[in-house]
Amino acid sequence: AVHLWITVLVIAATVVLAWLLIAALRQRLRLAQLKNDLVATVSHELKTPLASIRLLVDTLLAEGGSPTDANAREYLELISQENARLTRLIDNFLTFSRMERGSQRFASAPVEVQEVVRQAASVFREHVGDDGGALRVDPGPPAQVLGDADALVSAVVNLLENAWKYSGEAKRIELSAGVVDGRVAIVVRDNGIGLSTQSAARVFDRFYQVDQRVARDRGGCGLGLSIVRTIVEAHGGEATVESRPGEGSAFTLWLPELEPRRAAASERPAGE
Ligand code: ADP
């Protein structure tokens, strides 16, 4: 009987060891794949704006115009836009890589939700130059969450930029905030191309794009929503999406509210 037990133990130990080994190998493979995906995406994404900049500069040089000419000014503005786009892309890649390595640190301070909404709207307007007033903003009632204001603003900006990118000509984007059952909801709603149920289930996965050609044309790299999800989860919340193809999408960031401010609470009789 002792022999039998020893044999069983040895087999069990071998199985556990083999399982651990396979798990470690899988992790390595996953990381290697991630690295490959990242290198491919980064190189591809950087090439397009860099090529535009080179073309514009070459044209400027060939025409020999001075920067005060209307034509030359237009080119310089385009160069500056492409440059800003490159900078945002690289910022996204850096944030993503810090998050993957687990070295991204988030501040933990009371944050005013209305401020996050206002700042995100203003950063977004600056990025896309929304003169047509496509964006409507409702900062909702005063509410606070605990966390990193900059990170939350960048998560909302990411949603707004997607709403802009994946909508047609007559864009209508609504950014609003509210409190539902002790949770803060920050919602970005658009009247854009929408998502099928299958795609909606995957949009927060890293590198997932419904249509790579469409997304890349619009300056996407498939990382934005995975960054949004990481930020929200680091705040103890979650990101969700509701969408219909051809009608539009609503992305919501759910965050635990800090000290629910029930105005009436102090007036209620004790024990209620
Ligand atoms: P990308 O850089 O490609 O935009 P994201 O991670 O931000 O990457 O989004 C992933 C994919 O989800 C996009 O490529 C697009 O197909 C889809 N998507 C994101 N936001 C929207 C939206 N508001 N409406 C429709 N599709 C969207």
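Hydropathy at least -1.0 by Kyte-Doolittle, axial extent at least 30 angstrom from the Cα trace: which helices of the chain, defined as entire DSSP H runs, fit?
Helices passing the filter in the chain: 2-63, 70-100.
I'd like to know which of V188, P142, A23 lies farthest towards the positive end of the charge dipole of the chain, counting +1 on Cβ of Lys and Arg and -1 on Cβ of Asp and Glu.
Positive-most Cα among the choices belongs to A23.
T240 versus Q33, label points 7 Å from Cα toward the beta carbon: distance in nm?
Computed distance between label sites T240 and Q33 equals 2.9 nm.
Out of R26, R125, R218, any idea which swings most in a Gaussian network model of the chain, alpha carbons joined below 10 Å?
R26
Any chance you could list P(r) for the range 121-272, counting all Cα-Cα pairs in 5 angstrom bins from zero, rounded to whole %?
2, 9, 18, 22, 19, 13, 8, 4, 3, 2, 1, 0, 0
Would you please give the FRET efficiency between A107 and N71, computed as 1/(1 + (r/R0)^6) with r the Cβ-Cβ distance and R0 = 45 Å, to the nearest 0.05?
So, using R0 = 45 Å, E works out to roughly 0.45.
According to a simple spin-label model (label point 7 Å from Cα along Cα-to-Cβ), what is the distance in nm between A170 and H3?
Rounded to a tenth, the inter-label distance reads 8.6 nm.
Place the peptides 243-249, 162-168 in order of packing, highest mean first, counting for every residue the other Cβ atoms within 10 Å and averaging per peptide.
Peptide ranking by packing, descending: 162-168, 243-249.
Using a Cα-Cα cut-off of under 23 Å, which lysines could be cross-linked to K35, ignoring same-chain neighbours fewer than 8 residues away?
K47
Would you mind telling me the antiparallel percentage of the DSSP bridges in the range 86-207, rounded to 5?
If we restrict to bridges inside the range 86-207, about 75 percent are antiparallel.
Out of the total accessible area of the range 19-75 (probe 1.4 Å, heavy atoms of protein only), what percent is carbon and sulfur?
64
Taking only protein heavy atoms and a 1.4 Å probe, what accessible area per residue, in Å², does the chain have with all protein chains in place?
It amounts to 62 Å² per residue over the chain.
Using a 10 Å cut-off on Cβ atoms, rank the peptides 40-46, 29-35 from the highest mean neighbour count down.
40-46, 29-35
At 7 Å along Cα-to-Cβ for each site, give me the label-to-label distance between R202 and E233 in nm.
Those two pseudo-labels are separated by 1.8 nm.
So how strong a dipole does the chain carry about its Cα centre when Lys and Arg Cβ are +1 and Asp and Glu Cβ are -1, to the nearest 20 debye?
Using only the charged Cβ atoms, the result is roughly 1020 debye.
Please name which of V232, G178, V156 has its Cα lying farthest along the dipole of the chain towards the positive end, using unit charges on Cβ (Lys, Arg +1; Asp, Glu -1) and the Cα centre as origin.
Ranked along the dipole, the leading option is V232.
Determine the share of the range 87-239's accessible area contributed by carbon and sulfur atoms, expressed in whole percent, with a 1.4 angstrom probe.
Roughly 46 percent of what the probe reaches on the range 87-239 is carbon or sulfur.
With n ≥ 4 as the cut-off for DSSP H runs, can you work out [θ] at 222 nm for the chain, using -39500 (n - 2.57) per run divided by the number of residues, rounded to the nearest 500?
About -18500 deg cm²/dmol.
The values are calculated or read from the model by the stated rules, or taken from the named source; none is laboratory data. Nothing here was measured: the structure is a model prediction, and the numbers come from that model. Note: ideal-geometry Cβ built from the backbone for every residue, glycine included; neighbour counts use all protein chains shown. Just so you know, the surface numbers come from the protein's heavy atoms only, side chains and all, with ligands and any DNA or RNA stripped out. Shrake-Rupley method; radii C 1.70, N 1.55, O 1.52, S 1.80 Å.
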